[in-house]
Protein chains: 2
Amino acid sequence: MLFMNDEFYMQLAIDEAWEYQLLTYPNPPVGAVVVCDGKIVAIEAHRKAGTSHAEVLALVRAYEALSGETVSIDRYDAHAAHAFLRGLPAGFFAACTIYVTLEPCAHEGKTPSCASLLFELNLERVVVAHPDPIAGHGGGANRLGNVTMGVLEAQAHDLITPFLIWQERAFVVFKLAQTLNGRIGGGYLSSQESLEHVHRIRSVVDRLIIGGGTVRTDRPTLDSRYDPEGRAPDVTIFSGQTEWDHTIPLFDVEGRDVQISDTLACLDTPSLILVEGGDGMLGALGDRIDWMLTYLTPKLSPNEITYNTTTTLRFLHTQRIGVDLMIWSQNLGD
Amino acid sequence: MLFMNDEFYMQLAIDEAWEYQLLTYPNPPVGAVVVCDGKIVAIEAHRKAGTSHAEVLALVRAYEALSGETVSIDRYDAHAAHAFLRGLPAGFFAACTIYVTLEPCAHEGKTPSCASLLFELNLERVVVAHPDPIAGHGGGANRLGNVTMGVLEAQAHDLITPFLIWQERAFVVFKLAQTLNGRIGGGYLSSQESLEHVHRIRSVVDRLIIGGGTVRTDRPTLDSRYDPEGRAPDVTIFSGQTEWDHTIPLFDVEGRDVQISDTLACLDTPSLILVEGGDGMLGALGDRIDWMLTYLTPKLSPNEITYNTTTTLRFLHTQRIGVDLMIWSQNLGD
């Protein structure tokens, strides 16, 4: 067991970032931990594109822990948070190390550059897991003095794999909700927390692909009603059937584009795609599935579903979500 | 996310203790974390009955971290480790807090009393998750000055549930190795690390119960060959069949007692029982199963096995084991 070293703190940052996997789309998920005089004072993650980066949220939280005061600014407003941190007394974080899963951005985009901020704040050390992979965006670490690069880089690479792929082509996540023994379907199996999580993901994806069989059988709505700020995703029904019963609720969601297609041409466009379905969709997509997102419900259920799919996965990350387990895995193919 | 508080450190201690769940039989699994001047300097757990307790291992490790020296004594020898710690300069751990998942023992058994040791070492604080549940063994905390009780007590209670039960009656763990989609069997599905873990558990249990159908089909050996210090468990074949093919390897393991029974009378004796089998054994045992231990292999496989079992579980703890996931869950019944 590792403890009190760079890997230990970076693992905490990585785990925190996984909480927002996909939800930061089109940004990468990033986590940050601040350790001052050997004590953990902040564990934060980037939550949503257009809001403060992980480093900024962690430093605001660190300020609160060190000062004992609660900050009244909107910390998710990057400009306000940067301005607040820049206004602190020089050397405030002199005894602090920040662990960041991705190289602080040198790029001034929707938010000010985190590399510039860290340069000004002059922390004791900046520890980075993975270099900025975007051409022209890197070099943030070069500006900083005491930088350690590459701590848990492989784990941080797993974390940002969707981000790396969705800039080139569609990143395809297959969602599967099942009991521990593999029973799919049968009503609302998952915990409320799992449903809310799916709806948060539906809110950010470019498109949801669903199998025609599932549409006929389940007559789903496929909206994001459990995410209070969510929007219903556009839907592609993967089917050769051209005529559909338009009383199926998914056709009646405002502002939604519904397409019916028996090709997967939509996967050629750089985007984030969620797929929901069963064994048929698994087989139809095959190696075009990048990751599986499995919600495992703590039940054993009578199971008469026959799987035809054979594939090898790699477990990437597991976390509790309500009474369920959420398992992220990479599809390695058969 | 919690950090830098008692719950954070105790969670680390609890997670570490889970690494040795069942393996400490007949002792409870116990974890300990030492934090000095706000820095984590040790994370340890009790590993095996008759060897040093978690507190002792953690304090030896803390000494090493604080002094920069490596201790040459056999730290798993409780008498040697206690003597070493008692010989340290007074006040050596004065700036340290120890987090222990179970109240330090007041009882002088195979190992000296940890409560006495902690009293002598006079740490800044002792934080305990769960009181000693054994009549006559408690009261260890009373002797200590600055004690905080009950931090994450519910999680620590889950951790020692097997220990609480196996003193009253048989504690029954049903082992299930399967693919992510619930395929059981089909050869050695699990990772080497999972196989080794099963063999370490087989080495400590009082008896392994296996279904007659599995014996006929798989012709297993059911030994502990992947645990270098292991012993093969005694076996009960749960079956009404009295005549057996004694060329099946399990009958040829030295020093093993094999019984054949169509009752579960052996469950009335206080003991630790491992069950291996499939849906038939699950149904036969039903609510007599206390916990499930599932090794989840990262594959989807064609699955024609029909489950008849219906039960609700509660996920207790999950960890990676090689490429697999190991899931501990409580059987709540249907």
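Here are the numbers:
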item	result
Whether segment B:45-153 is rounded, prolate or oblate, judged on the alpha carbon gyration tensor where a/c under 1.5 counts as rounded	oblate
Three-way shape label, segment A:216-300, alpha-carbon gyration tensor, a/c 1.5	rounded
Protein-only accessible surface order, largest first, of A:53, B:130 at 1.4 Å	A:53, B:130
In Å, descending, principal axis extents of the Cα set of the protein assembly as shown	68, 67, 34
Chain pair A, B: total accessible area buried, heavy atoms, 1.4 Å probe, Å²	4000 Å²
Förster radius 35 Å - calculated FRET efficiency between residue A:251 and residue A:330 (Cβ-Cβ, nearest 0.05)	0.55
Expected-Rg normalisation [2.2 N^0.38 Å, Cα atoms] applied to segment B:275-318	1.28
20 Å binning of all Cα-Cα separations within chain A, expressed as whole percents from 0 upward	30, 52, 18, 0
Calculated FRET value between residue B:77 and residue B:242, using beta carbons and R₀ = 51 Å, to 0.05	0.60
Average beta-carbon neighbours from other chains, 10 Å sphere, peptide A:308-321	4
Paired Rg and Dmax values of segment A:81-236, which use every Cα atom, in angstrom	21.1, 64
With all protein chains modelled, accessible area of residue A:299 [1.4 Å, Å²]	70 Å²
Percentage relative contact order, segment B:1-86, counting C-alpha pairs under 8 Å, at least six apart	20 percent
Solvent-accessible area per residue, Å², over chain B with all protein chains present [probe radius 1.4 Å]	40 Å²
Proximal charge balance of residue A:107 [Cβ under 15 Å; K/R count +1, D/E count -1]	-2
GNM result for chain A, Cα springs below 10 Å: residue of A:159, A:195, A:274 fluctuating most strongly	A:195
Per-copy distances of the residue B:94 label point, shortest first, in nm (7 angstrom along Cα→Cβ)	2.8
Cβ-placed point charges (K, R +1; D, E -1), dipole of chain A about Cα centre in debye, nearest 20	220 debye
Rotation relating A and B, chain B residue nearest the axis via C-beta, angstrom	B:182, 1
Shielding by other protein chains, B:291-303, mean Cβ within 10 Å	6
FRET efficiency for residue A:7 and residue B:231, using Cβ-Cβ distance with R0 set to 41 Å, rounded to 0.05	0.70
Shielding score for B:45-54, defined as the mean number of other chain Cβ atoms within 10 Å	0
Segments B:5-16, B:24-35, A:140-151 sorted - mean Cβ within 10 Å per residue, highest first	B:24-35, B:5-16, A:140-151
Exposure ranking of B:196, A:55, A:108 by accessible area [1.4 Å probe, largest first]	A:108, B:196, A:55
Estimated distance in nm for a label pair at residue B:269 and residue B:86, the labels positioned 7 Å out from Cα along Cα-to-Cβ	3.8 nm
Accessible area of the protein assembly as shown belonging to carbon and sulfur atoms, whole % at 1.4 Å probe	48 percent
Cysteines in the protein assembly as shown lacking a second Cys C-beta under 4.7 Å	A:105, A:114, A:266, B:105, B:114, B:266
Length gained when the stretch residue A:134-residue A:148 is fully extended (0.36 nm per residue, less Cα-Cα span)	3.1 nm
Among A:92, A:107, A:82 - extreme Cα towards positive end, dipole of segment A:52-109, charges at beta-carbon	A:92
Teacher prompt: residue A:49 distances to equivalent labels in other copies, 7 Å Cα→Cβ, nm	5.8
Lysine pairs meeting the criterion (Cα under 28 Å, 8 or more apart or interchain), as found in chain A	4
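The values are calculated or read from the model by the stated rules, or taken from the named source; none is laboratory data. Note that the structure is a prediction, hence the values are computed from the model and not measured. Virtual Cβ from ideal backbone geometry, glycine too; neighbours counted across all protein chains shown. Ligands, DNA and RNA are excluded from the accessible area calculation, which covers all protein heavy atoms including side chains. Shrake-Rupley method; radii C 1.70, N 1.55, O 1.52, S 1.80 Å.
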